[in-house]
1. In degrees, nearest 10, range 0 to 90: what is the angle between the Cα axis of helix E:97-109 and the longest Cα principal axis of chain E?
2. Computed over the Cα atoms of the stretch C:13-187, what is the ratio Rg over Rh, Rh following Kirkwood?
3. Which one, C:194, C:148, C:126, has the greatest fluctuation when you compute a Gaussian network model over chain C with C-alpha springs under 10 angstrom?
4. Find the centroid of the Cα atoms in the stretch D:109-132 and in the stretch E:1-60, then give the distance between the two in whole Å.
5. What do you get when you divide the Cα radius of gyration of the stretch D:1-53 by 2.2 N^0.38 Å, with N the number of residues?
6. Calculate log10 I(q)/I(0) of the stretch C:87-212 for q = 0.22 Å⁻¹, where I(q) comes from the Debye formula with a single equal point scatterer on each Cα and nothing for solvent.
7. With each run of n ≥ 4 DSSP H residues scored as -39500 (n - 2.57), what mean residue ellipticity at 222 nm is computed for the protein assembly as shown after dividing by its residue count and rounding to the nearest 500 deg cm²/dmol?
8. Output needed: percent of Cα pairs per 10 Å distance bin for the stretch F:20-118, bins running from 0 to the one holding the longest distance.
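Read-outs: derived from the displayed coordinates by stated rules, not from any lab. On a predicted model such as this, the values are computed, not experimentally measured, just so you know. Reconstructed Cβ throughout: ideal geometry from the backbone, glycine too, with neighbour counts over all protein chains shown.
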Ligand SMILES: [Ca+2]
Ligand SMILES: [Ca+2]
Ligand SMILES: [Ca+2]
Ligand SMILES: [Ca+2]
Ligand SMILES: [Ca+2]
Ligand SMILES: [Ca+2]
Ligand SMILES: [Ca+2]
Ligand SMILES: [Ca+2]
Ligand SMILES: [Ca+2]
Ligand SMILES: [Ca+2]
Ligand SMILES: [Ca+2]
Ligand SMILES: [Ca+2]
C-alpha cells in the first residue's frame, strides 16, 4: 500500500502488524481526541483482549504522563477514540499493545510518528513489552507494505534470526523491553505541523492542596 | 422513488447505497438535533459495524469541527439522532460511512445536501475513504432511483470501469480519498432556508484558560 | 369494544392498528408524563423495532417542538412513559409509528385526540410517513371496534382500493405523507378539560446567550 | 394462612392472587420506602411482564399524585422497594397490576389497606383495569386463605358467575373498571397508627416558576 | 472449624447454615463498610435469589433505621460490601436472609454478634421470617462446627421435632417470626471494642424542612 | 524468568502462583494509580471469581486504610487499574487474593514489595486467609522461577510437608492466617525510590463534622 505513510504529519496514526488465518497483515491504529470528559471509545470490531490491551495502554500513559510531558488535565477534558480499520474485520489479541500505546502517546503529545516503522508486541500495565507470535508472517507483510523499520520485543529476536535473511535484508529491527524504549524509537521529538491546541480549564482553586 | 430528493431543503438527509442479498438498494440516512447533552442515538436496526461507523463519523466531525465551522458547544448542548429507514430492516456494514459523515456534517452546519447525489464508502477516524463492495449492484439501484451523481472511493474506480457503459452513461462519478473531498462535493455552501438556530450557553467563565 | 373512545378527554390515548398472526387488532398507545428529568420509559413487551419507533417519534417531536407549540423545557423536566396494553402480549414492528407520535404530541400539548380515529404507519426521523403491511386485516379490526376514520400513508391507498367496498363503506380514510398531515387530522385544536399544568423551572440565567 | 392479615397496621402490604401450574395461590406484595433519590427496586424473581406492570403502576401514581394527596417530592426523595415473597419462586404476568398499585398507593399515602381483601387485575398506564385469567383457581385459593372480599375487573364478572355458588357464598366481590375504583375499596381512609414521617427538602427557590 | 467464632469482636461476621447437594454446611456472611456514596457490593458467586435476599435485607434496615438506632446518613455516606466465602463456590437461595440482615445490622450498629449462634431463614421486606428447607442437614452441620444456639423460623419448629434428639441435645433453638425477634437474639447490646467511628457530613442546611 | 524481580523498585508488582491444566505457573499482578474518581479497572481476561477476589481485596484495604496509613482521600481521587499479564490467557479462581491485596497495598502506600517472594491464598472480606489447591505444582513453578520465599495459608502447611524435601530445600515458607500477617511479610517498610506524590483535594469544608 504505497500511501501507507502519506499521513505522517497527522498525530496518532501508527502501523501495527497482525497475524490472521491467511497470513500477516498491516494494521493501522488511529487515535483522535475531541473535547469531552475523558471518555474512551474503541471501534473496529475489537475483541475483549484487544480492548483490554487498549485500556492498559491508556492506564500506562496516565500513570506516566509526567515523564512524557502530557498535561494531566487533557485526560479528563478530552475524549479519546481509537479506531482500527477496516471496520468490518474482527480483530483480537494483545499484540497491538505497543502500537496502541504509541498511537495514544502521539495523540496526547501531538508528536509525529516515525515514518516507515511498524511494530508488534504486548504491553503490560507497568510498561513491559512481551513477545508475540506470528513474527515471520508479520515481517513478510511489513516487507510487502514498504515498511523499513520494525519494533519488537527482545524476546522475539530469536524469531527474526530464524527467518531467511533474504526476506529481512532491507529491514532494520529495534528490540525493546519497555514502553519507554518503544516510544524513544517510534515517536519523533517534534510535533506535527498543525498540532491540536488543547483548551484546558484551570484546576478548581482549592482552599489548599495537600500531598499525602 | 420519484420523491427521493423532494426534501432537499432539510438538513441531514443523505442518500447512501446499500448492498443486500437481493441486490443494490437506496439507503436514506436521517440526522436530527434536539437540545440536550450530547447524547448520540442510533436507530433503524443497525448492526455493530454500522453503529461503530456512525460513532467514527461523529468523532471525525468533532475532531475537525473548526475546519467545518461548527461551534464546538453544539456537540455538548444538542443530542444527535441518526435513523436509517425502513425501521424493520436490519442493516450492517461499514459502507454507509461517508453517507453518515455527510448527514452529520449537514445537520451540524445546517448546509444543504447536494440533490440527486448518492454515495457509498467506508470512513476511518482520520478521514480516509476506503473502498467497499457491491458497486455494480449499488450503481444499478442508484440509476433506477433517479440519482445523477455518485461519490465513491478512488479505489472503487476499477469497479465502475467494469460496468457496461450503457448502465452508467447518465451518471457522473466523483472519486474521493478523504472525507474533505467527499464533503466538498456532497454539501452545498448555503444553509437550508429555515436553518436551526442553535441556543448555546456561554462557556463557563473560567478564572483563566490555559493552552498546554 | 364499545368503550374504546370513552376516555377521549384524556390526553395521550391513541388507537393504532396491529397485524398479528391471528388477524388485525386494535392497539392502544398510552402516554403519561410525570415530573422528572426527561427519562423515557417504554412498556408492554415491545420489541426492538417498536422501541426504536418510539424513540424516533420522540426525537421528531423534540426537533419540531416549536412548530407544535411545545415548551422545550417540558422534555427535560418531565419523564415520559409510553405503555401499550395488554402487558403480556409481545408487540413489535414499525407500524405503530404514527400512533406513537400522535400519542406523544397529545400528551405534550395536552390537546385532545380526535375520537373514533385509528391509524397505522411508520414514521421516519424527518417526519415522513411510510406504508405498512396487513392493511386489510387492520381495517376489518377497526371496523369491528367501531372506528369511523382511518389515517394511513398515501402509499397504502392501493391496499384500501383492493378491499371489498362493503367492508369500508362506513369508514373515512385520511392519507398522509408527513407527520404534520397526521397530526392535523389526529389532534383536535383544544386541550382536554383538565390539562396538566406544567411546572417548569426558569432557564438558568446565563451571563449571555449566543446563537451560533 | 391464619396470620395473613396480622400485619394490617403496616402500610404497603397487599394480598394478590396468582395462578400457577399447580393452581391458585396467595401472593403478597410488600412495598417499603427509604430516604434516597427515587430509585425503584423490584425483587422476588419477577419476570419482565411483572416488572413492567410495577413500573406502569408507579407511573400511574406519579401522574395522579395530586388526586391521591401524595406530595410529589416524596417520589424523588425516597427509594421504593417492592418485594414479592417467596423469594425463590419465579413470578410473572400482568395480573398483579392492581395489587401493585394498591401497595404503592398505601405506602406513599401511609393509608391502611382494607383487611381480608384480595385482588387480581391488570392495570394500564391511564388507570384502566383489564380482566385476567385463572379466576376460578384464584378464588378457591382466596377462600382457603380466609379472604373475605375480592376486587376484580368488571369483565371478570362472568368468570365468577360460572363458579359453583357453594365456593363463593362467603365472599364479597367488588368489580372495578379503573384504578380509582380499586383504591376506593382497597385503601381505608385513615393512616396506619405509626405513619412514616416524610422528610422533604424545600423545593429549590427558583428565581421564578412558570407554567407553560 | 475450631476458630469459627475467634473473630467475635469484629462487627458484621455472622454464621449461617446452607444446604448443598452434599449436605449441610456452615456459611459465613461478612459485611464491611467504607466511606463512599451508599453503593452495595455483593460477592462470593451469589445467585440471583441470594442477591435479592441481600437487597431486601438492606431495604428492611433502611426502613427501620430509627428503631435500630442507625443514623440514616451512614447509608448514603458509606459503601457496604457483603461477601460470602468461599469465593469460588456458587451459592443461591433465600435462606441466608436472616443471616444477611444480622450481618448488616451488626456492621451498621457496630454491635457484637452473639457467639456460637448460627441461623437460617428467609426474610421479607416488611421483616417477616419465612421457613426454609434442609433443616436436618443444616443442624447436623451446625453441631459439627461447634454451634451452640440456632435461630429459625417458628414454622421450622416441626422440622426440629422430627430430628433424632441425640443430635440436638447440645443445641438451644430460638424460633422467630420477625426480624425484630431475630436481632434481639443475634446481636449483643454492646459494640465491638474498636467500633468504626462514622464520619458524617452535616445535612445540607435547608432553608426549611417540611413534613408531608 | 531471570528478570522476574528486576522491577522491584516499582510499587504494585507482586508475584502470585497459579495452577493451570499444564501445571503451576508464575502470575504477576500489576497495579497502577492515576488521577480520577476512584474507578476500579480489571484486565487480563479475569473470570468472575477472580474479579470478585480483587473487589474484596480493595474493600478490605478501604476498611483498614487507617491501619495501613493510607490517606482515605486517595481511594476517591485516584483510579486503580489491576492487570494480570499475559493479556490473552484467561485466568480465574480465588487463589490470587493475597497477591491482589499485596499489590494494592503496595500501590496505595508506595511501599516496596519484598523481592524473591511469591504467594498464593484466598482472602475474605474481614482479612482471613483461606487455603488453596495445587500447592505442589505452584511450588515447583516458584522454584523454577527463582523465587526464594513463599507465603501461604497456615492450612496449606500440610501440603508443603507432603512435598519431597529436595524440591523445597531452597525455599523459605511463611504461613499466614490473616492479611495483616501477609502484608507484614510481603511489604518492605520503605517506599520505592520515586514514590508517587498524591495530589489530594482538601475535604470540602463542612459547616460541622459529626461522629455518629
Ligand atoms: Ca472474549
Ligand atoms: Ca500489532
Ligand atoms: Ca456483531
Ligand atoms: Ca452506503
Ligand atoms: Ca431484535
Ligand atoms: Ca399501528
Ligand atoms: Ca421476557
Ligand atoms: Ca394478582
Ligand atoms: Ca436466576
Ligand atoms: Ca443460611
Ligand atoms: Ca462465572
Ligand atoms: Ca495466586
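1. 40 degrees
2. Radius of gyration relative to Kirkwood radius: 0.96.
3. C:194
4. Between the Cα centres of the stretch D:109-132 and the stretch E:1-60 lies a distance of 36 Å.
5. 1.36
6. For the stretch C:87-212, the Cα-only Debye profile gives -1.29.
7. Computed ellipticity for the protein assembly as shown at 222 nm equals -8500 deg cm²/dmol.
8. Bin by bin from 0 Å, the calculated values are 15, 50, 29, 6, 0.
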